[in-house]
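The values are calculated or read from the model by the stated rules, or taken from the named source; none is laboratory data. This structure is a prediction, so every number in the text was calculated from the model and none was measured. Positions of Cβ are backbone-derived with ideal geometry, glycine not excepted, and every protein chain shown enters the neighbour counts. The area values use the complete protein model at the heavy-atom level, side chains included, leaving out ligands, DNA and RNA. Shrake-Rupley method; radii C 1.70, N 1.55, O 1.52, S 1.80 Å.
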Amino acid sequence: MGVGPARLLGTLRVLLFEPGRLSAESAAGTRGGHALGPVTLFVLCSAAFFVSVPVARLVDPDAPSIHVRTAADSAVMMLADSAAFVGAPEVRENLVVRAVGAGRAWTLFTHQAVLEDIVANAVPRAALLLLPLFALLTFLAWRGSGAGFGAHLTFALDVHSACFAALLVPALLQPLHSTAVGVLGSLGVLVYTTWYVIAAGRRALGGTAREVNLRMTVVGVLYAPVALAVTLGLALAAVRSL
């Protein structure tokens, strides 16, 4: 059976508005009726987030330049235009400047779009690396439920796919240049992802609302710092390669 637009949109609708249904159906062996599998959904949603920042900038006539300077360019600019910046003691002793180098720090300082792109690139790569960790944490949190690690990995793929789709909202709101709209968009994403993870856990993994809340809180407390550290590490590696 071919994969038409209606089936694709239907799968995305189920993913985004019926949390945990795809994971539950996959565990039951009945997911064949949907157009996209968990891996394809993850790739699609993470790729959409990956390109959302540059796309939003392209449609924004007031977007800053995305020119990435070479290390030599940055060094020349630093010497010519930023003696006071680099010479300031608080700058020289700054841990971030010391980690990436003064030239690269000045590039990021004057070309913030470069930093946005670096972070946007690091987030999906970190999520891909940490999918097994998220699956392992939920597997341990629901130990004894009877679901194997494969079911938890599918659950992790679906949750991350929905979160990436939600993160498209604040990225695509940037061209509006409205702080209020940006804050509301970010709050909306926070509320949505919190609701989604809890609802998906109840449907796909089982348990009462209180049990799922407690288990997901523990998973989040353990997962979030690792995800942040890996994302920052990937971003730092990208900055040092400029």
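Restricted to the stretch 133-152, and to residues there that are open to solvent by 60 Å² or more (accessible area, probe 1.4 Å) and in contact with a helix residue (DSSP H, G or I) (Cβ under 7 Å, 6 or more places away or on another chain), the residue that is nearest to Thr194 (Cα to Cα) is Phe139. Filter the stretch 174-191 down to the residues that are open to solvent by 50 Å² or more (accessible area, probe 1.4 Å) and touching a residue at least 12 places away in the same chain (Cβ under 8 Å) and list them by number. The answer is Gln174, His177, Ser186.
Taken over the stretch 169-178, the criterion of being of a type outside the set (A, V, I, L, M) and either within 19 Å of Phe50 (Cβ to Cβ) or at pLDDT 80 or above (or both) is satisfied by Pro170, Gln174, Pro175.
Filtering the stretch 153-173 to residues that are among the β-branched types (Val, Ile, Thr) and open to solvent by less than 40 Å² (accessible area, probe 1.4 Å) leaves Thr154, Val159. In the stretch 1-83, counting only helices (runs of 4 or more DSSP H) that sit wholly within it, the ones holding 1 or more residues that are modelled with pLDDT of 50 or more and within 23 Å of Thr194 (Cα to Cα) span 5-17, 21-27, 38-58. The residues of the stretch 5-22 that are of a type outside the set (D, E, K, R) and either touching a residue at least 24 places away in the same chain (Cβ under 8 Å) or surrounded by 15 or more Cβ atoms within 10 Å (Cβ to Cβ) (or both), listed by number, are Leu8, Gly10, Thr11, Leu12, Val14, Leu15, Leu16, Pro19, Gly20, Leu22. Here Gly201 fulfils each of the conditions (1) closer than 21 Å to Ser26 by Cβ; (2) open to solvent by less than 30 Å² (accessible area, probe 1.4 Å); (3) within 15 Å of the chain's Cα centre (by Cα) apart from (3).
Whether any residue in the stretch 204-212 is touching a residue at least 60 places away in the same chain (Cβ under 8 Å), surrounded by 15 or more Cβ atoms within 10 Å (Cβ to Cβ), assigned to a helix (DSSP H, G or I) and aliphatic (A, V, I, L, M) is what I want to check. Yes, the stretch 204-212 contains a residue that is touching a residue at least 60 places away in the same chain (Cβ under 8 Å), surrounded by 15 or more Cβ atoms within 10 Å (Cβ to Cβ), assigned to a helix (DSSP H, G or I) and aliphatic (A, V, I, L, M).
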